[in-house]
1. GluC sites (Glu not before Pro) within the range 182-227: which are DSSP loop residues with at most 13 other Cβ atoms inside 10 Å?
2. With r defined as the distance between the Cβ atoms of S20 and R251 and R0 fixed at 41 Å, what FRET efficiency is calculated, to the nearest 0.05?
3. Rg (Å, one decimal) plus Dmax (Å, integer) for the alpha carbons of the chain?
4. Straight-line reach from K32: which aspartates and glutamates fall under 12 Å, measuring Cα to Cα and dropping same-chain residues less than 8 apart?
5. Over the Cα atoms of the range 270-310, each weighted equally, I'd like the Debye log10 I(q)/I(0) at q = 0.24, 0.25 Å⁻¹, rounded to two decimals.
6. List, in the order given, every pair from K73/K307; K22/K295; K162/K246; K273/K295; K162/K271 whose Cα-Cα distance in the structure shown is over 28 Å.
7. Taking only the alpha carbons of the range 177-310, what extent do you get along each of the three principal axes, in Å, biggest first?
8. With the cut-off at 25 Å, report for the range 111-257 the share of all Cα pairs above it, as a whole percent.
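Derivation of every value follows stated rules applied to the coordinates shown; laboratory data play no part. These figures come from a predicted structure and were not determined experimentally. Methodologically, a virtual Cβ is constructed for each residue, glycine included, from the backbone with ideal geometry; neighbour enumeration extends over all protein chains shown.
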Amino acid sequence: MASQQALTKLELSGLRKIASGKVRDLFDVDDKTVLFVATDRTSAYDVVLENGVPGKGVILNLLSAHWFGVLTKAIPDLRTHLVSLSPPAGVLTPEEAELVRHRSMRVRRLEVFPLEAIVRGYIAGSAWNEYRAHGTAHGLQLPAGLRQCDRLPTPLYTPSTKAPAGQHDENISPARAAEIVGERYAARIEELALAVYGAAAAYAAERGIIIADTKFEFGLDKETDEVVLIDEVLTPDSSRFWPADKYEPGRDQESFDKQFIRNWLTREGLKGKEGVSMPDEIRTATSERYQEVFKLLTGKTVEETIKERE
Ligand code: ATP
Ligand code: MG
């Protein structure tokens, strides 16, 4: 997979691009659905790197699809944005259809709540930094004496704002989140985020993986007034995955996620800088880590999953 070219720019002749995030491009299909395409673009510290990780978009898309299946079985009243894993028929050239086949899904077009619904089972990253300084995480009081990467007494819903491009998300309290989206939706988002995290953490634990924390997004279906799980779910881009057999609180953990790229950027003094290209060994190592966690979580290699779909 590392020998492939990374797909970082994408245009589709038959579909209008309606939005482009750091990693994904969204294309108009009809009034109800959009084609949600994961490119190989790679961001760290909110900056998109110049070159991507070949095949990453495929891994993220197929892993999200796997989770949507697992989660809807585990949580019967969960609604997700997934409509179909096949690109719309008849509007793409054969080359375009081939390009997006495994890296895209057709999803319901929904109004996105301007929140990142983060759930933390363990204390790491920005929450650890806040706890160390103030004894809190997202303003929530935590017990004294926690060590770095300790398991929290119960999983914590710790939202952040969804910052516009180029700006950083800001950690906020659940109370502030309720001011932003309204009490009723805030309560439903929190309930669903915790339920999804709980189901996913149990599933991953059986496969030797700790989901230290993860980020969900939710959208509103205005016709039914339902809060729907959208975006990517439980991927190494949106989550901290730790190998359970190497877990040891009191230090940084080895992880299956972008920590690898973040560590390299920090080491090289490139953190937060624009126009940075990753050397091949960092791209290959990241791709290998992503493929490894894909296999652990789904029980199949990425190649096997692709073959099954063909
Ligand atoms: P990051 O994930 O690193 O924060 P990003 O927010 O720029 O980056 P991408 O993953 O590149 O996100 O792009 C996905 C975009 O699509 C996000 O803005 C997300 O809110 C939006 N989105 C996800 N699902 C839907 C949906 N069903 N309908 C409309 N927009 C959606
Ligand atoms: Mg995203």
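1. E206, E223
2. For S20 and R251, the calculated efficiency is 0.65.
3. So, for the chain, Rg and Dmax equal 18.9, 60 Å respectively.
4. Within the straight-line limit of under 12 Å, K32 reaches these aspartates and glutamates: E111, D221, E223.
5. The Debye formula, applied to the Cα set alone, gives -0.80, -0.83.
6. K162/K246; K273/K295
7. Computed over the Cα atoms, the extents are 48, 39, 37 Å.
8. For the range 111-257, the share of Cα pairs beyond 25 Å comes to 27 percent.
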